[in-house]
Amino acid sequence: MTNEELWQAALGEIELNLSKANFITWFKNTGILEKKDGQAIIGVPNGFSREWLANKYQKLILKALRNISPEVKEVNFTISSALTKSIDQQKRIKKDKIFLPEEQMGFDELETNKETNLNPKYTFDSFVVGPFNELAQAAARAVGENLGSLYNPLFIYGGVGLGKTHLLQSVGNDAYNNGKKKVKYTSSEKFSSELVSALREGKMEKFKDDYRKIDVLIIDDVQFLTGKEKTQEEFFHTFNALYQKNKQIIISSDRPPKAIATLEERLRSRFEGGMIADISYPEYETRLVILKKKMEDKKASLPNDILEYIATNIKKNIRELEGALNRVIAFTSLNSATPTIAQASKILSTIISPPKKMINYKNILKVVSEFYDLTANDLTTKCRKKEIVWPRQVVMYLMRDELKCSYPFIGEKLGGRDHTTVMYAYEKMSREIETNENLQQEVSLIKERMYN
Ligand code: ADP
Ligand code: MG
């Protein structure tokens, strides 16, 4: 394996552990300059990068390199201006040479249509259906065949990496290919930022016109509308204008409309006025089918026991399922041999059991307050308003359940409350969580954010 190939494979690994922006910032123009006596010398563009990489990412880099090439024992950094390839060029090399497919491709880099923001790779054909997403898929298909007349809006919700974007884009692509050229896919955040620039530049008329001309409007991740009042208002008007003209609106979110905090009531009732379908977690059999399909798409071939191993261990996220498959395929093509189960377990360890982030009660306060669109301060006061009491009880529950804090400690941190109050809240919550599915879902979303 050349240094270049080794570095590309390591970057694939490293990328999974960082946000995209961080990855690009710190790993652009880097490369292995030399590898000898167990030492890998990484070239970096400047002193600032060198310091940052050495302080923050040394371990991650070493681990990624060792996963692929165990003889590496040490990494060092040196400034080198020779490495001026952009990360895009690096990726292109990687794609051609060592076959690390979709894992690396952020959504925006793909061949997305600039007008519609649709990416042709997302189709119903490539979407595997199982009991966990059957309703959502059927609803999406039906809506695609009866635009504007069957269910309006269509609201799809489910956790991260479970296929919401894929499904929404599939409806859009179908509509587009069937001649509806005014399809627009956007995220609620993008909608919001477009609105802000339109306001700033005095181009509201154009903004409104553009949105009101659309035949099929697809808004992804609508939970991010929380707290943005101006955006919600504008969205409400856009929604109404399109709805009245029987134009189709399709929405996704990580939770059902009634669980989106500070969503204006009138928007909530609009969302609830159409069809709501959820996507839950895929069952084992479906996970296996998805893996097989993706493997065939990538023209790779892996033995069943490896696929079964992946399907057994990755349960809650199809993106991770795909990421795991890609890692195994990369290993296979680098080593010209399929990994054993033991090797697979090692290659996939960071996906299967990622090191649990250490958290403290402040992290819980932060995540819970953001989730319910409050401030951490709201939760630590005496205030007894209904919208605050509930989230505060969630904090109590999590502090006890996740951190094993004592009742008096929790009471003290949350507005000087008596330990019996906390105990009561904790017990009530524990009971309720057994039976209340919405609560289970909320708590699991919150935990996901706490630990990631
Ligand atoms: P979400 O928007 O819910 O976070 P995505 O739609 O981005 O999830 O899906 C994550 C990845 O998993 C994408 O690459 C997508 O193509 C793939 N995926 C999700 N659901 C399915 C499915 N049912 N069949 C095949 N691939 C899927
Ligand atoms: Mg998505």
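The values are calculated or read from the model by the stated rules, or taken from the named source; none is laboratory data. A quick note: this is a predicted structure, and the numbers were derived from the prediction, not measured. Cβ: placed from backbone, ideal geometry, glycine included. Neighbour counts: every protein chain shown. Areas reflect the complete protein model, heavy atoms only, side chains present, ligands, DNA and RNA absent. Shrake-Rupley method; radii C 1.70, N 1.55, O 1.52, S 1.80 Å.
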**OP:** Using only C-alpha positions, report the orientation-averaged shadow area of the convex hull of region 333-452, nm², one decimal.
**Re:** 9.8
Original post:
In region 348-432, what percent of the accessible surface is made up of carbon and sulfur (1.4 Å probe, ligands and nucleic acids excluded)?
Top reply: 55
Subject >> Three semi-axes of the equivalent ellipsoid, region 284-352, Cα gyration tensor, whole Å, largest first >> reply: 16, 14, 10
Original post:
Using Cα-only point scatterers and the Debye equation, what is log10 of I(q)/I(0) for the chain at each q in 0.09 Å⁻¹, rounded to two decimals?
Top reply: -0.73
**OP:** Would you mind checking the pairs K258/K315; K357/K447; K63/K346; K121/K294; K190/K245 and listing those with alpha carbons more than 19 angstrom apart?
**Re:** K258/K315; K190/K245
**OP:** Once you have the Cα-Cα distance between F124 and F409, take 0.36 nm times their residue separation minus that, and quote the gain in nm to one decimal.
**Re:** 97.4 nm
Subject >> In nm, spacing of pseudo-spin labels at R268 and S149 (7 Å Cα→C-beta vector) >> reply: 3.3
Original post:
By how many nm would the segment from A261 to N113 lengthen if fully extended, with 0.36 nm per residue of separation less the alpha-carbon distance?
Top reply: 50.0 nm
Original post:
Carbon-plus-sulfur fraction of the accessible area of region 3-92, 1.4 Å probe, in percent?
Top reply: 49
Original post:
For the pair A342 and E437, how long in nm is the line joining their label points, each one 7 Å along Cα→Cβ?
Top reply: 4.4
**OP:** Please give the net charge around S69, taking every other residue with its beta carbon less than 14 angstrom from that of S69, where Lys and Arg add +1 and Asp and Glu add -1.
**Re:** -1
Original post:
Where does the chain land at 222 nm, in deg cm²/dmol rounded to the nearest 500, when only DSSP H runs of n ≥ 4 count, each adding -39500 (n - 2.57), divided by all residues?
Top reply: -16500 deg cm²/dmol
Original post:
How high is the FRET efficiency between L60 and T375 when r is their beta carbon distance and R₀ equals 41 Å, given to the nearest 0.05?
Top reply: 0.80
Original post:
What accessible area, in Å² to the nearest ten, does a 1.4 Å probe give for Y284?
Top reply: 80
Original post:
Residues with beta-carbon under 12 Å from that of K245, excluding K245: net charge, scoring Lys, Arg +1 and Asp, Glu -1?
Top reply: +3
Original post:
Given R₀ = 35 Å, FRET efficiency for N17-W390 by Cβ-Cβ distance, to 0.05?
Top reply: 0.55
**OP:** Take the alpha carbon atoms of region 11-55, find their center, do the same for region 286-342, and report the distance between the two centers in whole angstrom.
**Re:** 27
**OP:** Give the accessible surface of the chain per residue, rounded to a whole number of Å², with probe radius 1.4 Å and ligands, DNA and RNA excluded.
**Re:** 49
Original post:
Got a sec to turn the phi values of region 340-351 into Karplus ³J(HN,Hα) couplings, 6.51 cos²θ - 1.76 cosθ + 1.60 with θ = phi - 60°, whole Hz, x for Gly and Pro?
Top reply: 6, 4, 4, 5, 4, 4, 6, 4, 9, 4, 6, 8
Original post:
Taking Cα centroids, how far is region 406-452 from region 219-265 in Å?
Top reply: 29
**OP:** Could you name the lysines whose alpha carbon sits less than 16 Å from that of K247, not counting residues in the same chain fewer than 8 places away?
**Re:** K180, K181, K182, K184, K208, K213
Subject >> Virtual spin-label span in nm between M1 and K356, 7 Å along Cα→Cβ >> reply: 3.1
Original post:
Rounded to the nearest 0.05, what FRET efficiency do A138 and N178 have when you use their Cβ-Cβ distance and R0 = 25 Å?
Top reply: 0.85
**OP:** Kindly work out what percent of the DSSP beta bridges joining two residues of the chain are antiparallel, to the nearest 5.
**Re:** 15
